[in-house]
1. Of the residues Q408, Q398, which single one is closer than 21 Å to I427 by Cα, polar (S, T, N, Q) and in contact with a strand residue (DSSP E or B) (Cβ under 6 Å, 6 or more places away or on another chain)?
2. Restricting attention to segment 365-406, and to residues there that are aromatic (F, W, Y) and open to solvent by 10 Å² or more (accessible area, probe 1.4 Å), which single residue is modelled with the highest pLDDT?
3. Among the residues of segment 143-163, which ones are more than 16 Å from E84 (Cβ to Cβ) and either among the aromatic types (F, W, Y) or in a helix (DSSP H, G or I) (or both)?
4. Name, by its number, the condition in (1) buried (at least 18 other Cβ atoms within 10 Å of the Cβ); (2) within 31 Å of the chain's Cα centre (by Cα) that does not hold for Y185.
5. Under 9 Å between Cβ atoms, at least 6 apart or on separate chains: pull out the pairs that start in segment 553-567 with a residue that is within 11 Å of C587 (Cα to Cα) and end on any residue that is not in a helix (DSSP H, G or I).
6. Being modelled with pLDDT of 90 or more, exposed (fewer than 14 other Cβ atoms within 10 Å of the Cβ) and either assigned to a helix (DSSP H, G or I) or touching a Pro at 6+ places or on another chain (Cβ under 9 Å) (or both) narrows it down to one residue among E241, E293; which is it?
7. Could you look through segment 237-256, keep only residues that are in contact (Cβ under 8 Å) with a residue 24 or more places away in the chain and charged (D, E, K, R), and pick out the one that is nearest to L340 (Cα to Cα)?
8. Report, by residue number, each residue of segment 338-359 that is open to solvent by less than 10 Å² (accessible area, probe 1.4 Å) and touching a residue at least 40 places away in the same chain (Cβ under 8 Å).
Amino acid sequence: PACSGCPVTPSLPFPGRPCERVMAASKPVDAGGGGGGGGTGLSRWQLALVLGAPILLGAGAVYLWGRRAARRGGKGPSERKTPEGRASPGPCGGGAGQPDGPGHEETSPLGRAQAAKNKGNKYFKAGKYEQAIQCYTEAISLCPPEKNLDLSTFYQNRAAAYEQLQKWTEVAQDCTKAVELNPKYVKALFRRAKAHEKLDNKKECLEDVTAVCILEAFQNQQSMLLADKVLKLLGKEKAKEKYKNREPLMPSPQFIKSYFSSFTDDIISQPLLKGEKSDEDKDKEGEASEVKENSGYLRAKQYMEEENYDKIISESTKEIEAKGKYMAEALLLRATFYLLIGNANAAKPDLDQVISMEDANVKLRANALIKRGSMYMQQQQPVLSTQDFNMAADIDPQNADVYHHRGQLKILLDQIEEAVEDFDECIRLRPDSALAQAQKCFALYRQAYTGNNPLPVQVAMKGFEDVIKKFPKCAEGYALYAQALTDQQQFGKADEMYDKCIDLEPDNATTYVHKGLLQLQWKQDLDKGLELISKAIEIDNKCDFAYETMGTIEVQRGNLDKAIEMFNKAINLAKSEMEMAHLYSLCDAAYAQTEVAKKYGLKPPTL
């Protein structure tokens, strides 16, 4: 998800400046929509919440302690299918090898219960699950009620047999009995989580698997994968309903200006009546008067200059309904603001119409293709997205914007060589494009960094130095360089680069968030980090990234109620359904931890 100042992400329908969260990720976005993790495919931000493990906060990437622990020798995806206790070779009520010791105890109630359990285990291993269930039921009836641990084992074993018969309600019921008797019984909790998943009880499944992750110290991939899966499903489910009924929300002026500044060949973002003044010998007041009288589109452009953005859609609609001179421009402008308020469904017909207008200015059509292609990428349709960018290049091959934004798409798809080619073409067409040159450096750096190749990394770092020397006013160059420096643990220099960004763009909230995260990683200075993120919110109270980051930090501090409050604020600011789903996942993860803490007294490590 993006926030002010970084409108391009795989979860936002906007091209534009680079989103540091995406550009600095160590792994590419899955073009099929699988999420941004590496290795296990786990979403780092989501797992950071569901597991509550301490995180290393780097330049746009979050690495879980839990995943590092797993790589150090944690458990693999154990199936946890076998029942507890070894099976006796003898019949129920007799024989050697009983797990509870001397044979004379076999006549005691507990001894007889253990013998029944052992026979059940033998049936289980032979695949005779109905007979196993009968033996476990006998063990439960024979076991003294004060023997909590033994009784919990018998219930869990019976649940394992029910699981093999896919009797999920019975599995959940028996696991609940086991957990009531032994609240930290990992096998029972995880088996109940899987049963809840089958029964579509996502909330209950998430709570159980959260408890399992904490109890296992985040070292079992199977439970971590289930947590991530359920979080994504819950997030998508809630976001679909919420997004459908959401009130449109105009982003902050800083976001809108940053978005439009990413285009150089965008007619609708150019100053009012640019290119017409020489044809019409009128002073500015006369032009303004004509604007108010004759053209909804030109009035919309005037409101745009005045940063009165709420009136732009309605004025553009007047031009469209009147089929005025600027109908194509009005359609594109309205579509753009529909995208900005998060209404892609309304934007698409307008974009489709502009693209199909063969007599319209080719730059309008190319711009519409860029925006529709970005929208498709947000909707996880990379094939359609690529088709639109390629069509834009075909109809307007001299348009630098096409190559700039297609290069960003290629980075998201991990097609680095193609991305570099596009940035090179953008630079050829516009040698003064500082942003394209900075993004090219970052693409090369990312390729070298993920390939663990020191020499290309050094070359890429030198490239950043050249860019900021050549374009000292390019804030994005400093920002991307800062992220690369953070990856290289050159924290002091990264901090200097963020300060340069702030000097150039003091109203860019995103930079303050990243500088705050740097303080946590570099100096473990929680107070300074939170101060900077609070400053970001003060600058732009619609910066969802700031609220999301604040919520993540509060989870790590153990302040779950505060974290949920922050995530809910970010949800209300989400600009796309996918972004909202991601934020719901974080919020649900935090809420699950509050429930686990209440029920079992389990709390993950905190900062």
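1. Details: Q398 fails: in contact with a strand residue (DSSP E or B) (Cβ under 6 Å, 6 or more places away or on another chain).
Only one candidate passes the filter, namely Q408.
2. Here is the first cut: in segment 365-406, the residues aromatic (F, W, Y) are 376, 389, 403.
Now drop any that are not open to solvent by 10 Å² or more (accessible area, probe 1.4 Å), which leaves 376, 403.
Details: Y376: 94, Y403: 97.
Ranking the candidates gives Y403 first.
3. Filtering segment 143-163 for residues more than 16 Å from E84 (Cβ to Cβ) gives 144-146.
Once the filter is applied, which keeps residues that are more than 16 Å from E84 (Cβ to Cβ) and either among the aromatic types (F, W, Y) or in a helix (DSSP H, G or I) (or both), segment 143-163 yields nothing.
4. Going through the list (1) buried (at least 18 other Cβ atoms within 10 Å of the Cβ); (2) within 31 Å of the chain's Cα centre (by Cα), Y185 breaks only (2).
5. Partner pairs satisfying both residue conditions: V555/G52; V555/P604; V555/T606; L560/G52.
6. Among E241, E293, only E241 is modelled with pLDDT of 90 or more, exposed (fewer than 14 other Cβ atoms within 10 Å of the Cβ) and either assigned to a helix (DSSP H, G or I) or touching a Pro at 6+ places or on another chain (Cβ under 9 Å) (or both).
7. Here is the first cut: in segment 237-256, the ones in contact (Cβ under 8 Å) with a residue 24 or more places away in the chain are 237-240, 242-243, 246, 248-256.
Within this subset, residues satisfying the condition of being charged (D, E, K, R) are 237-238, 240, 242, 246.
Working: E237: 23, K238: 22, K240: 18, K242: 18, R246: 14 Å.
Taking the candidates together, the pick is R246.
8. Hits for segment 338-359 are L339, L340, G342, A347.
The values are calculated or read from the model by the stated rules, or taken from the named source; none is laboratory data. Keep in mind that this is a model prediction, so the values were computed, not measured. Glycine gets a Cβ as well: all are built from the backbone with ideal geometry, and neighbour counts include every protein chain shown. The area values use the complete protein model at the heavy-atom level, side chains included, leaving out ligands, DNA and RNA. Shrake-Rupley method; radii C 1.70, N 1.55, O 1.52, S 1.80 Å.
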